1. Quick one: 126, 37, fewest Cβ neighbours within 10 Å first, how do they rank?
2. Which whole-number percentage describes the relative contact order of segment 66-164, with Cα contacts under 8 Å and a sequence gap of 6 or more?
3. Run the numbers on segment 28-75 and let me know its relative contact order in percent, using alpha-carbon pairs under 8 Å that are six or more apart.
4. From the backbone phi of segment 74-85, what are the Karplus-calculated ³J(HN,Hα) couplings (6.51 cos²θ - 1.76 cosθ + 1.60, θ = phi - 60°) in whole Hz, Gly and Pro given as x?
5. Please check which bits of segment 111-139 a label hung off residue 172 would reach, taking the label as a point 7 Å along Cα-to-C-beta and the cut-off as backbone N under 14 Å.
6. For residue 180 and residue 119, what does the FRET efficiency come to when R0 = 22 Å and r is the distance between their Cβ atoms, rounded to the nearest 0.05?
7. Exposure proxy check: 155, 198, 132 ranked by fewest other beta carbons within 10 Å?
8. In what order do 93, 119 fall by count of nearby beta-carbon atoms within 10 Å, going from fewest to most?
Amino acid sequence: MMVDELFFPATVMPDQDWWQALWPDPEKVLVELGICSGMTVVDLCCGDGLFTAPMCRLVQPGRVVGIDIDPTMLQQAQAACEGIGNCTLLEGDARQLRELVPEPVDYVLIANTFHGVPDKAALASSVFAVLKPGGQFTIVNWHALARERTTVLGKPRGPATIARMAQEAVQAVVEPAGFRLERVVELPPYHYGALFVKTGTDSGQRQTPLHGGQYDR
């Protein structure tokens, strides 16, 4: 199977110029999302490392695992994280998270990708399985606005209007996996972060009692 066939629909990494114009201060975003010192964090579908590198600095002496299926993106993430010792970058499918991350973690972040996941409930269950009790799962999404209303550098950006998810839609698919929505953080101009906490009981897959396409991503 070709790598392109594994990409989630409508999640192609955008050009860096407008991506950085949209996210000029990624470290501030991560702080607002509750990422802090000492955590072990998974940056799921990490792309070119825009969030991964500042995440590593924030969690010290904790660690970050960045995962992406695109080797070209991982090379860029590697360059962004050069010289940072608490970062591990893995090439792999987000749907195989339980195999990629064998030890429980504190926090999983997926930014600008969840809307394109074909089986969102299955991914939420995979995230649940790798989190410690009380661990956090945060989804950063475009607001459910018409694409022509979300302009960056003078052009409409982001996934197709039909692909966008309101917070309530995300909540409806994630909470049945064993999560509770803790809060929603506004990330102007066009995004929000939905922060979920693991509250349920694992169904037995982990018994560790420890704390694409034609649209822009």
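Throughout, read-outs are computed from the coordinates displayed, never taken from laboratory work. This structure is a prediction, so every number in the text was calculated from the model and none was measured. All Cβ positions, glycine included, derive from the backbone under ideal geometry; neighbour counts span all protein chains shown.
1. On the way: 126 22, 37 10.
Ordered by Cβ neighbours within 10 Å, fewest first: 37, 126.
2. It comes to 23 percent, rounded to a whole number.
3. Details: 69 pairs, mean separation 20.9, N = 48.
Worked out over segment 28-75, it gives 43 percent.
4. With coefficients 6.51, -1.76 and 1.60, one gets 5, 4, 5, 5, 4, 5, 5, 9, 4, x, 9, x Hz.
5. 120-121
6. Values: r = 21 Å, r/R0 = 0.97.
Working from the Cβ atoms, E equals 0.55.
7. Details: 155 10, 198 22, 132 18.
With the fewest neighbours first, 155, 198, 132 line up as 155, 132, 198.
8. Numbers: 93 16, 119 11.
Ranked by crowding around the Cβ, least crowded first: 119, 93.
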